[in-house]
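The values are calculated or read from the model by the stated rules, or taken from the named source; none is laboratory data. Computed from a prediction, not measured in an experiment: that's the story for all the values here. Note that we place each Cβ from the backbone using ideal geometry, even for glycine, and neighbour counts take in every protein chain shown. What goes into the accessible areas is simple: the full protein's heavy atoms, side chains included, and nothing from ligands, DNA or RNA. Shrake-Rupley method; radii C 1.70, N 1.55, O 1.52, S 1.80 Å.
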Amino acid sequence: MVKNTLVFGIILLFIVSAVSPMVIGFNAVKSERDELLDNLTFYCLDASGSNAKYEYYKEKLLKEYSNDGMEIVDKVTISIESPQTIVSSGPMDSSWPMKCHDTHHTSRSPYNTANVTGQEKWRFRANEGVDGGPIIGNDGTIYFGDKEGHVYAIHSNGSLKWEYHTGYNFITSTPALAEDGTLYVGSWDHYLYAINSSSGVRKWKFNARGTIASSPTIAGDGTIYFGTMWDSQTGHRIYAANPNGTEKWQYKTGNDITSDPVIGDDGTVYVGSCDTYFYAMHPNGTLKWRFKTGDYIKGPASIADDGTVYIGSFDGYLYALYPNNGTMKWKYGAGTETNPSIASDGTIYVGSLNKLHAIYPNGTRKWTFTVGSSSAHITQSSPAISADGIIYVGTQIGSVKGGDIIAVNPDGTEQWRKLICNEWIRSSPCIAEDGTVYIGSQDNGGYLHAFGPVDSNSPPETPTISGATNGKVREDYWYTFRAVDPDNNPISWYIEWGDGTNTGWTLERASNENCYYEHKWLIRGAYTIRAKAKITKRIYPHLFRASLITHMDENGASMMEIKAQSRHKDVKTLEIYIRHSEEHIKNVYMNTVPTLDGPQEPKKPKPIPKRIEPIPQQQNREDKYIDLLREGFITRDDFLKLVGLDDQQIEGYA
């Protein structure tokens, strides 16, 4: 009877919706819907040729734009009179005020991330996927948008400060912060929004008459630059808006613009277009020059210290251009839609398919790093570079099969990686003053992730379970699991269904998030569902290497001995590792993983020897870590995992 009532209620709801009045006719709905689907096709296009993201969002858009009981109200443009004086306000002086950090889009942070080890401090659950990148205010607040039209302000501890809803589904634009505290962000509803970053109250919105996927860039005089995609009336234009929300100028290109503008020291504005051209605009809106590539330009450009402009194209090349006339300096075979991020030594880092490329300023290859199998690739996640040279970037695995955040050393070796979602990462990471790394993801919704040291190690509180207590065999039942971690760390679940099956430890979810898991029982009976929640303290191989390097340095080993032992090609990276204090590394190794079963007792380390003799380079790799095992700095299990030995093989080292 309950089941019949439920079915009847659902049918009744559909009938009522179907006869709800429409505000405007089907043709108007179809026109706007088709515009959005065209823009979605271009937005989801990547060099891998995957269309899974398009199918995912097409279903969502068609649902939103169906004519079954949906009200659509015509756009209303509000005219705002220009005041006699326009207050100028350049970018905020903060750790990361806009897409790719600065107006040159170097993606280069002045802050060190040596203590970031892959440990996730917290994650914040958004209403939908987070494709745009986060930015950071001068008080440490993090700002970003999601694909359900929400703009968020998050405290540095992961709690919500405020939330503003634009009333539309898609925000893929990364916000930008002005010095006066105004937050600018574009939306697919054609508007550029100006929001008070302290209160979350809208100041104004500017109708660009075209979908905005481009991220705004703020010039020193306060002018906001961005681009638009196609619209039935206008679109694919470069816009310059005044800080009061009035139009300064616009310039029409031949096709969609998702590229984010970059600004030279002389005020020249550079932006790419789907029409295959790269545009250089004078600050007054007139064309300075344009450079033709062989295919779409979807990503942002960057500017080196000597003024060289870098831009990637879908034609398979990264171009270096002279800023005065747009002639080509060189080109390198790595087409991209990511930012060509620029390190302090001039090295250019760019993602292309399943490779991260490091390129010398003269256009020759320094190294390439493979992010995974051929199905793993970097799409729109632009690399972020810390002051200690570590490169952070997000990936997409397969079509919609997950995403890693990866930390790569400046010599092209992997430092750490973490799988943080089940769908993809298109978000570009950013770096805070305390070294925390932030990045967004898409995972049946979306998250903002924070990576950095975790001071406390308290276990999660007892989880709660809610769901059906009676049912039928061979039917799926969903259950809701929730647990709170006192330190707001992400939580992993282990669920036993009472029939001998379990989930294993799941991908981490946010603290205090409703987590949904389903199960089907095949045999009639009474079953008890049990759930465990834990936070994970992660230790990565580079920390083992760092520990050994630190010991050797403090006990008198030469740099050449250390280099031979660690097998590091880059002496600069060695020096970074050496700066890790012995006490910090020892604490990292001694930390335990708390669960509901209670924390484990840490093992007491043995005395540290006065000197660790360097191990000859020809010895096999398990000998590299034997001193760490003998002195108690790594456990037996850690050693086994690191070198791939079994219990019998390790007996000789006990």
Exercise. Which value, in Å² rounded to 10, gives the accessible area of K205 with a 1.4 Å probe and all protein chains present?
Worked result: 60
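At a 1.4 Å probe, what is the % contribution of carbon and sulfur to the accessible area of region 328-475? Each step should come with its number before you reach the end.
On the way: 2250 of 4840 Å².
Looking at region 328-475 in its full context, I get 46 percent from C and S.
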Exercise. Under a no-solvent Debye model with one identical scatterer per Cα of region 188-289, what's log10 I(q)/I(0) at q = 0.12, 0.23 Å⁻¹?
Worked result: -0.35, -1.24
Problem set entry | Separation of alpha-carbon centers, region 298-316 and region 335-364, rounded to whole Å | 9
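Report the relative contact order of region 213-258, percent, no decimals, based on alpha-carbon pairs under 8 angstrom and at least 6 residues apart.
Value for region 213-258: 35 percent.
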Exercise. So what J values fall out for region 516-528 if you push phi through Karplus, 6.51 cos²θ - 1.76 cosθ + 1.60 with θ = phi - 60°, rounded to Hz, Gly and Pro as x?
Worked result: 10, 9, 10, 8, 10, 9, 9, 10, 5, x, 10, 10, 10
Problem set entry | Estimated FRET transfer efficiency when R0 is 25 angstrom, pair S399-E163 (beta carbons, to 0.05) | 0.25
Seminar exercise, completed: Counting sequence-distant residues (5 or more places) and residues on other chains, those with an amide H built under 5 Å from that of R509 are I491, S492
For this session: Please list the non-local residues whose amide H lies under 5 Å from the amide H of T379, H modeled 1.01 Å from N, same-chain partners needing a gap of 5 or more.
Result: Q396
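Can you check how the C-alpha radius of gyration of region 179-219 compares to 2.2 N^0.38 Å, as a plain ratio?
Working: Rg = 10.2 Å, N = 41, 2.2 N^0.38 = 9.0 Å.
My calculation over the Cα atoms of region 179-219 gives 1.14.
According to the Kirkwood expression over distinct Cα-Cα pairs, how big is the hydrodynamic radius of region 316-447, in Å? Don't skip to the end; give the middle numbers.
On the way: mean 1/r = 0.0665 Å⁻¹.
So the Kirkwood estimate lands at 15.0 Å.
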For this session: Could you rank the peptides 331-343, 506-518 by their average count of other C-beta atoms within 10 Å per residue, with the highest value first?
Result: 331-343, 506-518
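With the contact rule set at Cα under 8 Å and sequence spacing of 6 or more, what percent relative contact order holds for region 312-426? Don't jump to the answer; show the numbers that get you there.
Details: 295 pairs, mean separation 19.1, N = 115.
For region 312-426, the relative contact order is 17 percent.
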For this session: Count the net charge of all other residues whose Cβ sits under 10 Å from the Cβ of I303, scoring Lys and Arg as +1 and Asp and Glu as -1.
Result: -4
Exercise. For region 156-306, what is the accessible area per residue in Å² when the probe is 1.4 Å?
Worked result: 30
Problem set entry | region 231-341: Cα Rg divided by the 2.2 N^0.38 Å rule of thumb | 1.02
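Cβ under 13 Å from H104's Cβ, H104 left aside: what net charge do those residues give with Lys, Arg +1 and Asp, Glu -1?
Working: positive: K99, R108; negative: D102, D260, D265, D266, D305, D306.
Spelling it out: positives minus negatives among the neighbours equals -4.
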Seminar exercise, completed: Taking R0 as 41 Å and r as the Cβ-Cβ distance between N502 and D221, the FRET efficiency 1/(1 + (r/R0)^6), rounded to the nearest 0.05, comes to 0.10
Exercise. Where the eigenvalues come from the Cα gyration tensor of region 397-494, what are the semi-axes √(5λ) of the equivalent ellipsoid, largest first, in whole Å?
Worked result: 32, 20, 11
For this session: Please give, to one decimal in nm, the separation of the simple spin-label points placed at T413 and N115, each 7 Å out from Cα toward the Cβ.
Result: 2.4
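About its Cα centre, how strong a charge dipole does region 228-360 have in debye, to the nearest 20, once Lys and Arg get +1 and Asp and Glu get -1 at the Cβ?
About 260 debye.
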Exercise. From the backbone phi of region 356-371, what are the Karplus-calculated ³J(HN,Hα) couplings (6.51 cos²θ - 1.76 cosθ + 1.60, θ = phi - 60°) in whole Hz, Gly and Pro given as x?
Worked result: 9, 9, 10, 10, 5, x, 8, x, 9, 6, 8, 6, 10, 10, 8, 7
For this session: Calculate one ³J(HN,Hα) per residue across region 319-327 by plugging θ = phi - 60° into the Karplus curve 6.51 cos²θ - 1.76 cosθ + 1.60, and present them in order as whole Hz with x for glycine and proline.
Result: 10, 10, 10, 6, x, 6, 9, x, 7
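Work out, step by step, the length gained on full extension between K252 and N362: first 0.36 nm times the residue separation, then minus their alpha carbon distance; give nm to one decimal.
36.3 nm
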Seminar exercise, completed: If each part is reduced to its alpha-carbon centroid, region 319-333 and region 233-265 end up apart, in Å, by 23
Exercise. What spacing in nm lies between the two simple spin-label points modelled at R474 and N138, each 7 Å away from Cα in the Cβ direction?
Worked result: 6.8
Exercise. What are the residues whose amide H is under 5 Å from the amide H of A557, where those residues sit 5 or more places off or on another chain and H is modelled from the backbone?
Worked result: none
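Which whole number in µm²/s is D for region 105-199 by Stokes-Einstein, with the Kirkwood Rh taken over Cα pairs at 20 °C and 1.002 mPa s? Please list the in-between numbers first.
Working: Rh = 14.1 Å.
Result for D is 152 µm²/s.
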For this session: Assuming a ≥ b ≥ c are the square roots of the Cα gyration tensor eigenvalues, decide whether region 96-138 counts as rounded (a/c under 1.5), prolate (otherwise, with a/b larger than b/c) or oblate.
Result: oblate
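Taking Cα pairs under 8 Å and at least six residues apart, what relative contact order does region 80-182 come out at, in percent?
Relative contact order of region 80-182: 29 percent.
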